[in-house]
Each structure stands twice: as C-alpha cells, then as structure tokens.
Amino acid sequence: MPQVKLLTPKEANQTLPLVKRVVDDILKAGQEIRSLSVNMEKPEEDPAIDRLMDQLDELFEELESIGCSYKDWNFSIGLVDFPAVIRGREVLLCWRSDENEIKYYHDLEAGFDGRKLIPKE
C-alpha cells in the first residue's frame, strides 16, 4: 500500500494552480457526461461517455499524483481533500473550486460539513 504524503497548508496551496486546472477539466467532463446521459436508455454503451469516463480516470490519477483526491461526485462544486497534520492529528485540508486558497480542514471522518478554519501557526 503506497504511503500517503501529508502536505502542509502552504504546500497544498502551492499546488492550487495545477489543481484548479485539473478540477475545471473534471467538472466539464462530469457535466458533459450528465448532459449526454440524460435522455439515454443505456448511457454506459455510448462511446462518447466511455471516452469522457476514461478522461475522468486520468484526471483523478493526476490529482492523486499531486497528493490530493477529488470528492464531489455530483460534479457541482469541485471539492478536493489534501491529507495533512494539524496540531498533531491527521486531517484533510478541504478546498472548493470557488475558493482562492485552502483555508479549511476537517477530521478524517467528518467530511465537508465538519469544515473548520485552519488554525494560525
């Protein structure tokens, strides 16, 4: 099992220019899949959707190689988590695509609703 790289808030924020571009592509592909599949009886058999699904897999892998993971399966807000340690506890830094920087974190089990401001060091 690969070891998870823990990022500081500063390191995570430094990845945001690339993360933003990848998340924009994920959101576009996810929304395109949704629009293509709305009136289809068997969307899983559409070659265009297959191509987009392959593209999504590549984009998710790209985020993982940066050290973060995509969490918005509705493809609406572009939610990304970054593993980190805050005050000696493993947590997830939490960023939405409409935010300019990473300012929040949550406990591993809490999810988006448990977001708290990252404490000042």
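One table, with the values for the structure above:
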read-out	value
Those residues of region 14-40 which are open to solvent by 80 Å² or more (accessible area, probe 1.4 Å) and modelled with pLDDT of 95 or more, in sequence order	Q14, R21, K28
Scope region 93-108; condition acidic (D, E) and buried (at least 24 other Cβ atoms within 10 Å of the Cβ); matching residues	none
Index of the failed condition, I102 passing every other in (1) assigned to a loop (DSSP other than H, G, I, E, B); (2) touching an Asp or Glu at 6+ places or on another chain (Cβ under 7 Å); (3) of a type in the set (A, V, I, L, M)	(2)
Qualifying residues in region 70-90 (those that are among the aromatic types (F, W, Y) and in a loop (DSSP other than H, G, I, E, B)) - the one farthest from E32 (Cα to Cα)	W73
Of all residues making up region 80-92, the number that are open to solvent by 50 Å² or more (accessible area, probe 1.4 Å) and either touching a residue at least 40 places away in the same chain (Cβ under 8 Å) or small (G, A, S) (or both)	3
Residue match in region 41-64 (condition: touching a residue at least 40 places away in the same chain (Cβ under 8 Å), out of contact with any His (no Cβ under 9 Å at 6 or more places or on another chain), surrounded by 15 or more Cβ atoms within 10 Å (Cβ to Cβ) and among the polar types (S, T, N, Q))	no
Where G30 falls short, out of the listed (1) in a loop (DSSP other than H, G, I, E, B); (2) of a type outside the set (K, R); (3) farther than 30 Å from V85 by Cβ	(1)
Residue that is part of a strand (DSSP E or B) and within 14 Å of A12 (Cβ to Cβ), where the choices are L63, L93	L93
Condition broken by S69, with the remaining ones in (1) of a type in the set (G, A, S); (2) surrounded by fewer than 14 Cβ atoms within 10 Å (Cβ to Cβ); (3) within 18 Å of T15 (Cα to Cα) satisfied	(2)
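The values are calculated or read from the model by the stated rules, or taken from the named source; none is laboratory data. Remember, it's a predicted structure, so these values are computed and weren't measured experimentally. Heads up, the Cβs are rebuilt from the backbone with ideal geometry, glycines too, and the neighbour counts pull from every protein chain shown. Ligands, DNA and RNA are excluded from the accessible area calculation, which covers all protein heavy atoms including side chains. Shrake-Rupley method; radii C 1.70, N 1.55, O 1.52, S 1.80 Å.
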